[in-house]
1. Residues with amide H under 5 Å of VAL33's amide H, sequence separation 5 or more or different chain, H placed in the peptide plane at 1.01 Å from N; which?
2. Assigning unit charges at the beta carbon (Lys, Arg +1; Asp, Glu -1) and nothing else, what dipole magnitude in debye, to the nearest 20, does the chain show about its Cα centre?
3. Per residue, how many Å² of accessible area does the range 1-80 show with a 1.4 Å probe?
4. Suppose each label sits 7 Å from its Cα in the direction of the beta carbon; what would the GLU20-ARG102 distance come out to in nanometres?
5. Express in nm, to one decimal, how much length is gained between ARG124 and LYS44 on full extension, taking 0.36 nm for each residue of separation and deducting their alpha carbon distance.
6. Ranked by accessible surface with a 1.4 Å probe, highest first, in what order do MET10, MET1, MET93 come?
7. Counting other Cβ atoms within 10 Å, which trypsin sites (Lys or Arg not before Pro) in the range 92-158 have at most 14 and lie in a DSSP loop?
8. Suppose each label sits 7 Å from its Cα in the direction of the beta carbon; what would the VAL73-TRP95 distance come out to in nanometres?
Amino acid sequence: MESWWLQVLMAHPDVHEIREQQLLEIPVGQNLVKHYFDFVVIWKDGSTSACAVKYRKDSTGLDDLLKAAAKEVGDAFASDYRIFGEDGINRTMLWNASWVIRCGKDHDYEAQAALAGVLANAGRSVRVADCDAIVGDGQRGSRAAIALIKSGKLVIPADERLGRDTVLGNLFTN
């Protein structure tokens, strides 16, 4: 499940950086408890989240440890402490994140810039497949559009599975 959450976070437009397996020593009573957070997420707004990934059935006592971390260590390590479980992730999120990451790996910044330039003067939405006509050269436009979802300027409708017929919200518009 950890790899699923990593994919979703990597594709999320509000994530600036992800640090994995970050150690925190938490004073609990007279003891110092060592806990490795699966991720420390640095958000674009500058806040940080210390994230433990656990199945709910395996998270007994973890809530108390995170509360102790927040109380004893507080903002020195993270702005907030949270548990990512199986109930917060679904197949649609994984599908979409996978596509955003794959298309981002194209590093086709020329197509992304061309698409962004046209979309700045376009309507408030754009169909993924229509981006191919804007950029030309096969599926460069649709792949660039999917990669641009990471920027937050193109938005997938909530709970919709990404595909060529998906209509994205266009925040490039002036």
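The values are calculated or read from the model by the stated rules, or taken from the named source; none is laboratory data. In this text the structure is predicted, and so the values were computed from the model without any measurement. Here the Cβ positions follow ideal geometry from the backbone for every residue, glycine too, while neighbour counts run over all protein chains shown. Heavy atoms of the whole protein, side chains included, go into the accessibility calculation; ligands, DNA and RNA do not. Shrake-Rupley method; radii C 1.70, N 1.55, O 1.52, S 1.80 Å.
1. Result for VAL33 returns ILE26, VAL28.
2. Numbers: 20 positive and 24 negative charges, 55 e Å.
Computed charge dipole of the chain: roughly 260 debye.
3. Working: 4710 Å² over 80 residues.
Counting only protein heavy atoms, the per-residue value for the range 1-80 is 59 Å².
4. Simple spin-label model gives 2.1 nm for this pair.
5. On the way: separation 80, 0.36 × 80 = 28.80 nm, distance 2.37 nm.
Gain in length upon complete extension: 26.4 nm.
6. The most accessible residue leads, giving MET10, MET93, MET1.
7. Values: sites: ARG102, LYS105, ARG124, ARG127, ARG140, ARG143, LYS150, LYS153; in loops: LYS105, ARG124, LYS153.
Sites meeting the loop and neighbour criteria: LYS105, ARG124.
8. Spacing of the two 7 Å Cα→Cβ label points: 3.7 nm.
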